[in-house]
1. Working carefully through the options I111, I118, I57, I64, find the one that is aliphatic (A, V, I, L, M) and out of contact with any Leu (no Cβ under 8 Å at 6 or more places or on another chain).
2. Select from segment 83-111 the residues that are among the hydrophobic types (A, V, I, L, M, F, W, C) and over 9 Å from the mean Cα position of the chain (by Cα) and list them in ascending order.
3. Which residues, taken from segment 44-92, are more than 22 Å from V108 (Cα to Cα) and among the basic types (K, R)?
4. Among residues belonging to segment 40-68 that are aliphatic (A, V, I, L, M) and exposed (fewer than 15 other Cβ atoms within 10 Å of the Cβ), point out the one that is nearest to I92 (Cα to Cα).
5. Could you count how many residues in segment 1-17 are in contact (Cβ under 8 Å) with a residue 12 or more places away in the chain and of a type in the set (D, E)?
6. Can you name every residue in segment 70-105 that is over 20 Å from A19 (Cβ atoms), surrounded by 13 or more Cβ atoms within 10 Å (Cβ to Cβ) and not hydrophobic (A, V, I, L, M, F, W, C)?
7. If you go through segment 3-39 one residue at a time, how many are β-branched (V, I, T), at pLDDT 95 or above and either over 13 Å from A110 (Cβ atoms) or surrounded by fewer than 17 Cβ atoms within 10 Å (Cβ to Cβ) (or both)?
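The values are calculated or read from the model by the stated rules, or taken from the named source; none is laboratory data. Treat the numbers as computed from the prediction; the structure is a model and nothing was measured. Cβ placement follows ideal geometry from the backbone for every residue including glycine, while neighbour counts extend to all protein chains displayed.
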Amino acid sequence: MTQETLNYVIEKSKELMNAATCSKEAREAAQNWLDAVGTDTQSEVTRKYMAELEADIMPVEGLIAFAESEAGAKVFGGEDAARKVAAHGREIQAAGGKYCDCPACAAVEAILAKKDDIL
């Protein structure tokens with residue numbers, strides 16, 4: 001991995017951790033990875049980090065389905081807000097996007113784009 005790639009993934013990992021939409025598990029995995037950079041456990045922790053990110057990123061179809069559910073209405077602050085989220089998901093999908101574009105998912109997508117370079 002180049003220093004440029006490492007710096008990029010470090011920056012995106014910090015963005016992920018600071019995102020309000022970041023899950024506890026992804027935040028912990030990011031911190032564990034940052035702590036492991038430059039150590040003899042970096043490779044092992046990197047594999048675990050990538051696996052966590054792959055599990056956490058929200059496919060746009062999942063975003064739409066969740067937003068249209070009763071649980072989604074609760075999370076997004078009511079049916080109107082949830083409908084707007086679902087509509088936004090359809091816009092992402094129509095534009096060819098694969099994932100939710102919230103700050104956490106955007107950071108995860110950027111990190112996963114470098115997966116082959118950092119493993």
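1. On the way: I111 fails: out of contact with any Leu (no Cβ under 8 Å at 6 or more places or on another chain); I118 fails: out of contact with any Leu (no Cβ under 8 Å at 6 or more places or on another chain); I57 fails: out of contact with any Leu (no Cβ under 8 Å at 6 or more places or on another chain).
Testing whether each residue is aliphatic (A, V, I, L, M) and out of contact with any Leu (no Cβ under 8 Å at 6 or more places or on another chain) leaves just I64.
2. First pass over segment 83-111, keeping only residues among the hydrophobic types (A, V, I, L, M, F, W, C): 85-87, 92, 94-95, 100, 102, 104-108, 110-111.
Correct list: V85, A86, A87, I92, A94, A95.
3. Passing the criteria: K74, R83, K84.
4. Just the residues of segment 40-68 that are aliphatic (A, V, I, L, M), to begin with: 45, 50-51, 53, 55, 57-58, 60, 63-65, 67.
Right, trim to exposed (fewer than 15 other Cβ atoms within 10 Å of the Cβ) and you get 51, 55, 65.
Working: A51: 24, A55: 20, A65: 14 Å.
The qualifying residue nearest to I92 (Cα to Cα) is A65.
5. Taking segment 1-17 and keeping what is in contact (Cβ under 8 Å) with a residue 12 or more places away in the chain, we get 1-2, 5-6, 8-10, 12-17.
Then drop every residue that is not of a type in the set (D, E), which leaves 15.
The number of residues fulfilling the criteria is 1.
6. The answer is E79, R83, R90, Q93.
7. Taking segment 3-39 as the starting set, the residues that turn out to be β-branched (V, I, T) are 5, 9-10, 21, 37, 39.
After this cut, where a residue has to be at pLDDT 95 or above as well, the list is 5, 9-10, 37, 39.
Subset that is either over 13 Å from A110 (Cβ atoms) or surrounded by fewer than 17 Cβ atoms within 10 Å (Cβ to Cβ) (or both): 5, 10, 37, 39.
The number of residues fulfilling the criteria is 4.
Condition check ((1) in contact with a Ser or Thr (Cβ under 8 Å, 6 or more places away or on another chain); (2) of a type in the set (K, R)) across all residues:
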{"residue": "K24", "(1), (2)": "no, yes"}
{"residue": "A29", "(1), (2)": "no, no"}
{"residue": "A36", "(1), (2)": "yes, no"}
{"residue": "D80", "(1), (2)": "no, no"}
{"residue": "Y99", "(1), (2)": "no, no"}
